[in-house]
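One structure is given here, and the rest of the page talks about it.
The values are calculated or read from the model by the stated rules, or taken from the named source; none is laboratory data. Given the structure is predicted, the values throughout are model-derived calculations rather than measurements. Glycine gets a Cβ as well: all are built from the backbone with ideal geometry, and neighbour counts include every protein chain shown. Heavy atoms of the whole protein, side chains included, go into the accessibility calculation; ligands, DNA and RNA do not. Shrake-Rupley method; radii C 1.70, N 1.55, O 1.52, S 1.80 Å.
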Amino acid sequence: MRAGAWIVRRLTRVTRAWRNRPVATPASANSLTRREFIGACAVLAPPLFTVGSTAVALAQLNHFRVRRFTLSIPALPRALDGITIAHVSDIHVGHWTFGQVLREMVNKTNALRADLVLLTGDLIHYHLTDLSEALATVKAMRGVTGCG
């Protein structure tokens, strides 16, 4: 916070000198004016938001969520009535998603006993060396054969 306040003070002084305005002397060298405080908050908000968002994302890496939806589609053919579809998206196999998390994805997907398993989004995160593990994960996900 002190670094941000120092930056804001310096910018304020440079701006004031540039505008040929006299620089007001603060009552205390360590006290912040309201403008300096707001400026410091504006400077510090983006890094704090980034660190907070990263912490939340890292905490959620090991959680594979299953959400169930029942859709009513009036024009759906009778042969498809009651079909179950498992939609798995953005696996991102790689540095962050591997091992136990992938096994949990496969187990939970297979436990749904879906008629069809759809995979969308990114399969690997970055490196092609992770493709073999990603494909093994996909092959382990099973849909129930013979829907309808």
Among the residues of the range 94-107, write down those that are closer than 16 Å to G143 by Cβ and surrounded by fewer than 18 Cβ atoms within 10 Å (Cβ to Cβ).
N107
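Return a yes/no flag: does the range 123-145 have any residue that is among the β-branched types (V, I, T) and under 20 Å from the mean Cα position of the chain (by Cα). Break it down stepwise before answering.
The first filter runs over the range 123-145 and keeps only residues among the β-branched types (V, I, T), leaving 124, 129, 137-138, 144-145.
If we keep only those that are under 20 Å from the mean Cα position of the chain (by Cα) too, we end up with 124.
Looking for residues that are among the β-branched types (V, I, T) and under 20 Å from the mean Cα position of the chain (by Cα), one finds at least one in the range 123-145, hence yes.
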Restricted to the range 73-93, and to residues that are part of a loop (DSSP other than H, G, I, E, B) and open to solvent by 100 Å² or more (accessible area, probe 1.4 Å), which residue is farthest from H127 (Cα to Cα)?
P74
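From the list T50, T70, exactly one residue is modelled with pLDDT of 85 or more, under 25 Å from T109 (Cα atoms) and either out of contact with any helix residue (DSSP H, G or I) (no Cβ under 6 Å at 6 or more places or on another chain) or part of a loop (DSSP other than H, G, I, E, B) (or both). Which is it?
Working: T50 fails: under 25 Å from T109 (Cα atoms).
The unique qualifying residue is T70.
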Matching residues, the range 73-97, being under 18 Å from N110 (Cα atoms) and in contact with a Leu (Cβ under 6 Å, 6 or more places away or on another chain)
I85, A86, H87, V88, I91
For the range 108-148, give me each residue that is part of a strand (DSSP E or B), in contact with a Gly (Cβ under 8 Å, 6 or more places away or on another chain) and open to solvent by 50 Å² or more (accessible area, probe 1.4 Å).
L116
